[in-house]
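Undergrad: Would you mind keeping the following structure in view while I ask a few things?
The values are calculated or read from the model by the stated rules, or taken from the named source; none is laboratory data. All figures in this text were calculated on a predicted structure; none of them were measured in a lab. Methodologically, a virtual Cβ is constructed for each residue, glycine included, from the backbone with ideal geometry; neighbour enumeration extends over all protein chains shown.
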């Protein structure tokens, strides 16, 4: 299947001079990388995946991104909100001084110098070369130090036995997990589930793409209108940026 | 070198077996709690995605900090060459090893995947202070073990001082590492301070000595051996200095935070509005753990009372546990400052103070670690000559 | 001398006579349900797989996890797809059942595996889950809204 898609992609690219990301089928987005990474090739740091979220387009009551993430990863709640896993959540903000209100989705920020990666004793918390912060649950011992260290409280600990896992997210009791930027989808040249849901819901608050490519939609949007990091003073160089905060 | 007669305790009385049995029962209950936690998952505990480290870690960090402090007495004898403390050095080394073992057992059994201990010992990320701590803790066992061996072996006695120096330096690095677990975290307002490491060192002096004095008094009283006032007066004096020093570090920590506007939120929380955390801080850490012991140590009239000395040590231990509770759990309960100037709310408890109620499983595990430390001491003083036959005052 | 140890000798001799029966203990050999079909072959020779499957799995997991290599030859999910299939009655074993393909051998050889603590123990098509098609997203949204209203922040909230 991948060969057939590669051929069609290459010919498509030859005909197109477009700069923005183009949807050719629901959930399938063209990246500005020359071609999708073949399955047998390792990831490289030529690409750095990132997201740009425009909070002006994010509605207060909308939870499309959260629902999509939960469905994608089989995150079924156990009616225990204090211990149930959340990879992404909607945060509502109200500025005390001015009364200004906004909401935004908050997930693992995939920092370049991630504190969670620094503190993990076994190296289970690591950064893939293409910028995605992951937990290698094979060597996670469940010490939760990364959860203490994360400036965005992005990580969750699995507090109970899990069964009927999805293919995208092997997850189990006693390990720590967080948003993977849908690495299983990204490797197949798809966008993360939250981005897809927001796009399909016609909100268009998310842009996903390659931060290392100056011609990608995300890079151009960042160059034109800027994008802020949450807790920018920590100088973590996050892969997720926001507009409107 | 004066010849000190070290002798194993007899350890045949009903009370002794009762002690071992009682401690064994506590350990059994702890193991049952661990089985439940591991089998069902941590949702049965009070620890959540907001408060990720709870009572087990309060006990464990307290024991680990006290362990390095318990070695102080031996260091004063070997490194600082105060002969009066020489007879106490073996017990000091033993207590250090026992307390560290108890603390580590708690940490290991609370892991989400305790079956992956081998992974923890074979995969290392050397940027992680946790990974360094694994080396520091196992190295501590080895170095103090060698140190105690040298103390007991006539042939190796001449190397004792070198081993003592190595042990002293190692435990300073170890306690620095323990404090840095919190000091290195930029994420939370209560941590991210270079002061955490030296504060933990000074706390180790106080906690370790308090436990040492209690163990010393108990083991001599319960075996009918003589324990002179001379030794206790010296140790009591040391205790006063250490407790005062701890109060100084705590004062500097909070006063500095009060100066920095960025940290006003967390200071207001701990000092005023934190509910249980405010109470534990003021009553547990400051009054019971600091001011009251100081008053009792320096008050005239109670200087000779061993009961009061025991009370002082007990208060310091309560204060120590309170300090750990305030730092570890209080530090997590205060929300992360991600959006300064904004009121924050979400389904993931952003922007709100997190609730924490210790569960019986956690407290059982914590007490189990204490019991393990005590069993190690109680058992080993019976099989090896750790305790001098008499610590009566020199005439 | 022999008189003194005579009782012990009898006991040891009696126990030794049980020795030939040691091998007939009541542990059933594992029943391995091999995938159906004449042309169906494992990705590696069977002998190799029996002895070395753990090495393939362990190597592949690091390749996939850290380097993003997702070839299907040694993919764990592919192993499951082939080896964990319904029986004639249409029942499919989960890891909790002692008829699961992996569990039969691993229980016999007393080697603990924890793969299925995290990985799905049967192909996705046999896992009953609330698919978005069966239940419209509204229900999940309602669940989140319930959560949002249940966790109203209160200023200065503390116990």
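Undergrad: Starting from the stretch A:120-139, keep only residues that are within 11 Å of chain B (Cβ to nearest Cβ), then list their pairs with residues that are surrounded by 20 or more Cβ atoms within 10 Å (Cβ to Cβ) and in a strand (DSSP E or B) whose Cβ atoms are within a distance under 6 Å, requiring at least 6 positions of separation or different chains.
TA: Between residues of the stretch A:120-139 that are within 11 Å of chain B (Cβ to nearest Cβ) and residues that are surrounded by 20 or more Cβ atoms within 10 Å (Cβ to Cβ) and in a strand (DSSP E or B), the close pairs are A:124/A:135; A:125/A:135.
Undergrad: If you don't mind, there's one more thing I want to ask. Where residues in the stretch A:72-98 are under 15 Å from residue A:180 (Cβ atoms) and at the interface with another protein chain (Cβ under 7 Å from one of its Cβ atoms), which of them is surrounded by the fewest Cβ atoms within 10 Å (Cβ to Cβ)?
TA: Here the residue is A:74.
Undergrad: Restricting to the stretch A:205-226, what's the tally of residues that are buried (at least 20 other Cβ atoms within 10 Å of the Cβ), under 28 Å from residue B:336 (Cβ atoms) and more than 16 Å from the chain's Cα centre (by Cα)?
TA: Residues that pass the stated criteria total 0.
Undergrad: Further question: Name the pairs whose Cβ atoms lie under 7 Å apart, with the first residue in the stretch C:107-127 and facing chain A (nearest Cβ under 7 Å) and in contact (Cβ under 8 Å) with a residue 60 or more places away in the chain, the second surrounded by 20 or more Cβ atoms within 10 Å (Cβ to Cβ) and not in a loop (DSSP other than H, G, I, E, B), and 6 or more positions between them or separate chains?
TA: From residues that are facing chain A (nearest Cβ under 7 Å) and in contact (Cβ under 8 Å) with a residue 60 or more places away in the chain, there are no pairs.
Undergrad: Go through the stretch A:67-94 and count every residue that is touching a strand residue (DSSP E or B) at 6+ places or on another chain (Cβ under 6 Å) and part of a helix (DSSP H, G or I).
TA: The qualifying residues number 0.
Undergrad: Right, residue B:386: at pLDDT 95 or above, farther than 30 Å from residue B:257 by Cβ, away from every other protein chain (no Cβ under 14 Å) and buried (at least 22 other Cβ atoms within 10 Å of the Cβ) or not?
TA: Taking the combined requirement at face value, the residue satisfies it.
Undergrad: Take the conditions within 17 Å of residue B:48 (Cα to Cα), within 12 Å of chain B (Cβ to nearest Cβ) and free of Cβ contacts under 8 Å to residues at least 24 places away in the same chain and apply them to residue A:153. Does it pass?
TA: Judged against the criteria, residue A:153 is a match.
Undergrad: Residue check: is residue B:60 more than 14 Å from every other protein chain (Cβ to nearest Cβ), touching a helix residue (DSSP H, G or I) at 6+ places or on another chain (Cβ under 8 Å) and either under 23 Å from residue B:381 (Cβ atoms) or modelled with pLDDT of 95 or more (or both)?
TA: Considered against the rule, which asks whether it is more than 14 Å from every other protein chain (Cβ to nearest Cβ), touching a helix residue (DSSP H, G or I) at 6+ places or on another chain (Cβ under 8 Å) and either under 23 Å from residue B:381 (Cβ atoms) or modelled with pLDDT of 95 or more (or both), residue B:60 comes out as no.
Undergrad: If I ask for residues that are at pLDDT below 95, under 25 Å from residue B:144 (Cα atoms) and facing chain A (nearest Cβ under 9 Å), which ones from the stretch B:95-122 would you list?
TA: Result: B:117, B:120, B:122.
Undergrad: Here is a follow-up. Which is surrounded by fewer than 22 Cβ atoms within 10 Å (Cβ to Cβ), more than 7 Å from every other protein chain (Cβ to nearest Cβ) and in contact with a strand residue (DSSP E or B) (Cβ under 6 Å, 6 or more places away or on another chain), of A:101, A:112?
TA: A:101
Undergrad: Condition first: in a helix (DSSP H, G or I) and crowded, with 17+ Cβ neighbours inside 10 Å. Now tell me which residues in the stretch B:120-133 satisfy that.
TA: B:120, B:129, B:130, B:131, B:132, B:133 - these are the residues of the stretch B:120-133 that are in a helix (DSSP H, G or I) and crowded, with 17+ Cβ neighbours inside 10 Å.
Undergrad: Right, another one. List the number of the failed condition for residue B:300; all other conditions in (1) touching a residue at least 40 places away in the same chain (Cβ under 8 Å); (2) away from chain A (no Cβ under 14 Å) hold.
TA: Single failed check for residue B:300: (1).
Undergrad: Determine if the stretch B:338-356 includes at least one residue that is more than 10 Å from every other protein chain (Cβ to nearest Cβ) and at pLDDT 95 or above.
TA: no
Undergrad: Could I ask something else about it? Out of B:137, B:124, which single residue is over 30 Å from residue B:250 (Cβ atoms) and touching a helix residue (DSSP H, G or I) at 6+ places or on another chain (Cβ under 8 Å)?
TA: Just a single option satisfies the conditions, and that option is B:124.
Undergrad: Of all residues in the stretch B:256-278, which are within 25 Å of the chain's Cα centre (by Cα) and loosely packed, with under 13 Cβ neighbours inside 10 Å?
TA: Within the stretch B:256-278, none qualify.
Undergrad: Could you check, for the stretch B:24-44, whether at least one of its residues is more than 13 Å from residue B:109 (Cβ to Cβ), in contact (Cβ under 8 Å) with a residue 12 or more places away in the chain and touching a strand residue (DSSP E or B) at 6+ places or on another chain (Cβ under 9 Å)?
TA: Taking every residue of the stretch B:24-44 in turn, none turns out to be more than 13 Å from residue B:109 (Cβ to Cβ), in contact (Cβ under 8 Å) with a residue 12 or more places away in the chain and touching a strand residue (DSSP E or B) at 6+ places or on another chain (Cβ under 9 Å).
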